[in-house]
Amino acid sequence: MTFDDVLREHGPALWRVIASYEPPGAERDDLAQDVLVAVWQALPRFRGESSPRSFVLRIAHNRGLSHAWRRAKRPPPGPEPLEVADPRPGADEQVATNQRAERFLRHLRTLPLGQREVLALALEGLPHAEIAAIVGITPENVAVRLGRAREALRRSVEREEAA
Amino acid sequence: MTDAEWNSWQSTWSGATGPLPDVRARAQKEVRLHRLANVAFFLLVAIALATLPTVFAAAENAVHMIGWTIIAFCAAMSIGYVWIQRGIGLRSAGNPRDALAFLERRLRVERLTAHLVRWVYAGLCVAFVFVFPRIVAGHGSAGLEMAISFSWMFVLFVVTFSAPWWVARRNRRYQEEIDRWRRWMDEQRL
């Protein structure tokens, strides 16, 4: 498995996980660089003990958490910037999809990290056992966290719609 | 929550495919820095050892003692460095608690390295005290040479012998930071 294979097959999933930690902007770009460097460095040590998807998502989450630790020590950021429309031809539909996703991600980012990482992996379609292996908790704990995360996310979406 | 709601979220989620930055230049730079850091220590040792042929070519026995001192110093530092570093590595995909444990292992490595520096340099200073007067014996300005050299050696001794103290002082701050992170992880239910 080469770095190009990883980018081609898992690039969008990596981007979504990164976006669950940071709003659009320089911080997200920095985190993306960190994650990709970590994947690039870790690839030679990949021995097929888990699926390539689990492997790269695990790295992305660990980097995301380290990033969040550093972030927690700094003053809270200002309001989240809006996505700028992509000027490339034919990109309108993707931009609209990304803007919908950004609204969704904004709600996701309000959850505690422990719930957020589990929910992001569940949205990627990973089974509980695989999420448990990535996060380092039991599958039962995954189910509990996931239930709480879904409930918290639903309440956040409802609050915005009611406002 | 309903299945329809979950499916709608999942479809919104998986539809997003933002661009990722090109990482190769940065990655290559990181790898170069990592290799440089690993090589730097042993390069310094190699440079010190490279002086040995010149030292042992000298006729005086006192100069040969410098060569043996260099060998002993390099061996002690290298063995200590390798022994201290073993087993501290972070698995590439460890969980956040592993990362925190890794940071604590790093602090332990710094503490042990400070002790290594204290005792190896103390040995070097003792050897210097024995060897240097023999080398300068017979020089016209032996007294002045010894005064200057011993002054510098004393400064080196004070700095290196107090290393465990100032490393511990600095690490207390890092340990407090690690404790704060652990509390934050508990708050975030990680």
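The values are calculated or read from the model by the stated rules, or taken from the named source; none is laboratory data. This structure is a prediction, so every number in the text was calculated from the model and none was measured. Positions of Cβ are generated from backbone atoms using ideal geometry, with glycine treated the same way; all protein chains shown enter the neighbour counts. We work out accessible area using only protein heavy atoms, side chains counted, and drop any ligands, DNA or RNA first. Shrake-Rupley method; radii C 1.70, N 1.55, O 1.52, S 1.80 Å.
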Post the alpha-carbon centroid distance, segment B:163-187 to segment B:97-113, in whole angstrom. 10 Å
Computed Kirkwood radius, in angstrom, where 1/r is averaged over Cα pairs of chain B: 21.8 Å
Using a 1.4 Å probe on the heavy atoms of the protein chains only, list every residue of segment B:1-15 that has 40 Å² or more less accessible area in the complete assembly than in its chain alone. B:Met1, B:Trp6, B:Trp9, B:Gln10, B:Thr12, B:Trp13
Report, to the nearest whole %, how much of the accessible area of the protein assembly as shown belongs to carbon and sulfur atoms, 1.4 Å probe, protein only. 60 percent
Rounded to whole angstroms and listed largest first, the alpha-carbon spread of the protein assembly as shown along its three principal axes comes to 95, 41, 39
Pairwise burial A:B, computed as accessible area of each alone minus the pair, summed, 1.4 Å, Å²: 4200 Å²
Expressed as an acute angle from 0 to 90° and rounded to the nearest 10, what is the orientation of the C-alpha long axis of helix B:61-85 relative to the principal long axis of chain B? 10 degrees
Rounded to 0.05, the calculated FRET efficiency for the beta carbons of A:Gln99 and B:Phe130 at R₀ = 51 Å is 0.10
Between A:Glu9 and A:Glu160, what is the label-to-label distance in nm when each label sits 7 Å out along the Cα-to-Cβ direction? 3.3 nm
Can you work out the accessible area per residue across the protein assembly as shown, with the rest of the protein chains kept in place, probe 1.4 Å, in square angstrom? 57 Å²
Segment A:102-163: radius of gyration over Cα atoms, expressed as a fraction of 2.2 N^0.38 Å: 1.13
Quick one: dipole size for the protein assembly as shown, taken about the Cα centre, charges +1 on Lys/Arg Cβ and -1 on Asp/Glu Cβ, in debye to the nearest 20. 1100 debye
Given segment B:35-148, report the % of alpha carbon pairs whose separation exceeds 22 Å. 51 percent
Take B:Glu176, B:Glu187 and sort them by solvent-accessible surface of the protein heavy atoms, 1.4 Å probe, largest at the top. B:Glu187, B:Glu176
Calculated on alpha-carbon atoms, Rg and Dmax of segment A:19-64 in Å: 11.4, 35
Once every DSSP H run of n ≥ 4 in chain B is given -39500 (n - 2.57) and the sum is divided by its residues, what mean residue ellipticity at 222 nm do you get, rounded to the nearest 500 deg cm²/dmol? -29000 deg cm²/dmol
